[in-house]
Amino acid sequence: MSISFNVRSTGVEIMDDLDCKGEVVDQTLRELDFINHWLGGNAVTLNALDKLLKNNNTSKNITIADLGCGSGEMLRLIAKRTAKEGKKISLTGIDANLNIIRYAEANTPSPVEKGTGVEVAFEAANIFSTEFKQRKFDIILCTLFLHHFNEEELISLFSAFKKQAQIGIIVNDIHRHSLAYYSIKWLTQLFSKSAMVRFDAPLSVLRAFTKKELQDILLKARILNYQLKWKWAFRWQLVIRMSG
């Protein structure tokens, strides 16, 4: 099969099956957490969150929604950081796969930080639903999530997000590049115990973005106030700050 990096792939990942469940999903989530930790992916989101919350009034309860939350690892990291800083924060992890939500709940202490103003909850929801689009949050996070959608869906999502987010939107996703593709393909073939990771990880790179593709999507969604930066390892950090 010939590989093209010129356009986004329309291939379907195993993870896109919202009914997938069992040990293969659990193993995949564990491995994705490991990959994000050791390749610095988590730092991309956390750094962007620091930018949005800089000079923010700590007495205000901040609400954050993590879309496509997976295992809940990102929310656990945020909870530990904000608890140490004495901030009040409500974190909601959202995923369309109920089996993934159950895994996240089972692996997240409740409360995460006893005696602090930190709250963490998870729920299964369809982010394209009218009901969800009416909900408001201070910050919306999308980490390794948006590459699952086509351009039309992404324009629709960003158009909704800019009405839902009061402070800002953070996107941490993959830069489509040959080195990223062959590196993750080699690493997962050698070390992964999950058939889902071995199949999905390289395909995720092919479904990911060039800088111009992200810029074009944002323009079509009429989003102009943003920062888009390349981060190691082959990640795009997109920070959209709401005006006013």
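The values are calculated or read from the model by the stated rules, or taken from the named source; none is laboratory data. All figures in this text were calculated on a predicted structure; none of them were measured in a lab. As a convention, Cβ positions derive from the backbone with ideal geometry for all residues, glycine included, and neighbour counts pool all protein chains shown.
Here are the numbers:
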item: Number of positions in the range 141-170 that are touching a residue at least 12 places away in the same chain (Cβ under 8 Å) and not in a strand (DSSP E or B); result: 19
item: Candidate set from the range 77-95 (those that are within 14 Å of Asn61 (Cβ to Cβ) and of a type in the set (Lys, Arg)); member that is surrounded by the fewest Cβ atoms within 10 Å (Cβ to Cβ); result: Lys88
item: Residue in the range 168-179 that is aliphatic (A, V, I, L, M), farther than 23 Å from Gln134 by Cβ and in contact with a His (Cβ under 7 Å, 6 or more places away or on another chain) present; result: yes
item: Number of positions in the range 122-135 that are in a strand (DSSP E or B) and in contact (Cβ under 8 Å) with a residue 40 or more places away in the chain; result: 1
item: Residue tally, condition within 25 Å of Lys80 (Cα to Cα), charged (D, E, K, R) and at pLDDT 95 or above, over the range 106-135; result: 1
item: Which listed residue is surrounded by 20 or more Cβ atoms within 10 Å (Cβ to Cβ) and polar (S, T, N, Q), from Asn107, Asn172, Asn99, Asn126; result: Asn172
item: Only one of Asp173, Asp138, Asp200 that is at pLDDT 95 or above, under 22 Å from Val7 (Cβ atoms) and part of a strand (DSSP E or B); result: Asp173
item: In the range 68-89, the residues that are touching a strand residue (DSSP E or B) at 6+ places or on another chain (Cβ under 8 Å) and more than 15 Å from Glu105 (Cα to Cα); result: Ile78, Thr82, Ala83, Lys87, Lys88, Ile89
item: The range 1-27, subset of a type outside the set (D, E, K, R), over 14 Å from Ser204 (Cα atoms) and surrounded by 13 or more Cβ atoms within 10 Å (Cβ to Cβ), residue modelled with the lowest pLDDT; result: Val24
item: Unmet requirement for Gln215, which otherwise passes all of (1) assigned to a helix (DSSP H, G or I); (2) over 29 Å from Asp17 (Cβ atoms); (3) in contact (Cβ under 8 Å) with a residue 40 or more places away in the chain; (4) not hydroxyl-bearing (Ser, Thr, Tyr); result: (3)
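Results for (1) modelled with pLDDT of 95 or more; (2) basic (Lys, Arg); (3) loosely packed, with under 14 Cβ neighbours inside 10 Å; (4) within 17 Å of Tyr103 (Cβ to Cβ), shown as yes or no for each residue.
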position: Leu32; (1), (2), (3), (4): no, no, no, yes
position: Asn36; (1), (2), (3), (4): no, no, no, yes
position: Val44; (1), (2), (3), (4): yes, no, no, no
position: Asp50; (1), (2), (3), (4): no, no, yes, no
position: Cys69; (1), (2), (3), (4): yes, no, no, yes
